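Participant: I am attaching a structure below and will ask some questions about it afterwards.
The values are calculated or read from the model by the stated rules, or taken from the named source; none is laboratory data. Note that this is a predicted model, so its numbers are computed, not measured. Cβ sites come from the backbone with ideal geometry, for glycine too, and all protein chains shown count toward neighbours. Please note that ligands, DNA and RNA were not included when accessible areas were found on the heavy atoms of the full protein model with its side chains. Shrake-Rupley method; radii C 1.70, N 1.55, O 1.52, S 1.80 Å.
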Amino acid sequence: MKFIFIKKKPFFILLTILLIIVFSLFCFLLKNVFVTYSLPTNTLIEDTFQEKVSNLVNEKEKIAYLTFDDGPTLKSTPKILDILSEENVKATFFVIGKHVKEHPELVKRAYDEGHYIANHSYTHNHDKLYTSADSFINEILSTDVEISKSIGIENYHSHVFRFPNGYMAPNYKAKKQEYVKRLPEIDYTYIDWNALNKDSEKKYSNAELLKNLKDSSRNKGTLVILMHDTSDVNETHLILKDSIHYLKEQGYTFQNFYDLQ
């Protein structure tokens with residue numbers, strides 16, 4: 001019978017190396033797989049978060065919240081994400097459910113890069129959205145379902161809704177006043193904006209778009225800035241970098257709704 005002897009020193013050196021490799025791999029996976037950005041999905045929205053969102057536009061601190069409505073779109077969203085990455089700015093995207101279904105990879109990219117994915121209804125169609133209170137709620141929850149699929153997070157719930165064209169717009173005002181009372185039932189609050197570049201209103205030059213932002217943000221503290229990642233009327237990505245630089249020059253720092261948790 002032959003006996004195989006293993007020298008202890010080389011054996012323990014090899015074992016130590018293997019343990020280091022396994023531990024390093026575990027740390028890498030822990031950092032890149034298990035870290036998520038969403039708010040708790042199965043708990044009620046905290047009153048403090050809801051209050052912070054509701055009062056943002058009245059705050060005096062010079063913080064800018066960049067928000068992009070109506071996407072995602074292939075024409076605009078990737079370009080906006082590229083610029084935000086270059087400038088190290090985190091934004092909030094108010095997405096439309098049907099577009100999320102069309103381009104889930106763009107929502108996944110935005111989410112993975114630390115941007116907040118918020119809710120802007122499923123169709124952006126007023127006739128469908130305001131048919132009834134149940135239709136209104138269904139549009140929001142259906143959008144959450146599509147976001148969940150796109151980012152791979154079960155039961156994702158953004159807790160933040162923006163009315164198409166804003167709650168302040170006069171159209172369907174009575175319906176909005178009625179349906180807004182239903183938002184707390186599904187752990188939602190809503191937010192409009194207090195600054196904008198008017199990129200969805202009519203065709204402007206790039207200089208005019210930037211001027212619109214400057215004019216609407218003048219002498220204000222915290223800014224919730226409305227823009228669009230659609231390029232339907234204007235191409236906001238062409239002036240986004242200049243807009244960010246201007247706001248930085250004015251002393252603003254940038255946050256998104258994750259910072260309100």
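Participant: Between ASN55 and VAL145, what length in nm is gained on full extension when 0.36 nm per residue of separation is reduced by their alpha carbon distance?
Facilitator: 29.6 nm
Participant: How far is it, in nm, from the label point at LYS175 to the one at LEU74 when both lie 7 Å from their Cα along the line to the Cβ?
Facilitator: The two pseudo-label positions are separated by 3.1 nm.
Participant: Right, something else. Would you mind getting the accessible area per residue of region 60-188, heavy atoms of the protein chains only, 1.4 Å probe, in Å²?
Facilitator: Numbers: 5290 Å² over 129 residues.
Per-residue accessible area for region 60-188 comes out at 41 Å².
Participant: Here's something else I'd like to know. Roughly how big is region 140-261's charge dipole about its Cα centre, with Cβ charges of +1 (Lys, Arg) and -1 (Asp, Glu), in debye to the nearest 20? List each step's numbers first, then the result.
Facilitator: Numbers: 16 positive and 17 negative charges, 100 e Å.
The dipole of region 140-261 has a size of about 480 debye.
Participant: Projected onto the charge dipole of region 57-159 (+1 at Lys/Arg Cβ, -1 at Asp/Glu Cβ, origin at the Cα centre), which of ASN138, SER85, GLY97 gives the Cα projection farthest towards the positive end?
Facilitator: Checking the options against the dipole of region 57-159, the answer is SER85.
Participant: While we're looking at this one, here's another question. Filter LYS173/LYS220; LYS90/LYS248; LYS108/LYS248; LYS198/LYS241 down to the pairs with a C-alpha to C-alpha distance above 25 Å, please.
Facilitator: Values: LYS173/LYS220 27 Å; LYS90/LYS248 14 Å; LYS108/LYS248 28 Å; LYS198/LYS241 16 Å.
Beyond 25 Å: LYS173/LYS220; LYS108/LYS248.
Participant: Note the full-extension length gain between LYS202 and ASP215 as 0.36 nm times their separation in residues minus their Cα-Cα distance, in nm to one decimal.
Facilitator: Extra length from LYS202 to ASP215 when fully extended: 3.0 nm.
Participant: If you roll a 1.4 Å probe over region 60-176 with all protein chains in place, what percent of the accessible area is carbon or sulfur?
Facilitator: The value for region 60-176 is 50 percent carbon and sulfur by accessible area.
Participant: Report ³J(HN,Hα) in whole Hz for each residue of region 233-250, in order, from the Karplus equation J = 6.51 cos²θ - 1.76 cosθ + 1.60 where θ = phi - 60°; Gly and Pro get x.
Facilitator: Whole-Hz 3J(HN,Hα) from phi for region 233-250: 10, 10, 9, 4, 4, 6, 10, 5, 5, 5, 5, 5, 5, 4, 5, 5, 4, 7.
Participant: Continuing with this model, one more query. Shape verdict for region 116-204, please, from the Cα gyration tensor: rounded (a/c under 1.5), prolate (a/b greater than b/c) or oblate.
Facilitator: Working: a/c = 1.77, a/b = 1.22, b/c = 1.45.
Here region 116-204 falls in the oblate category.
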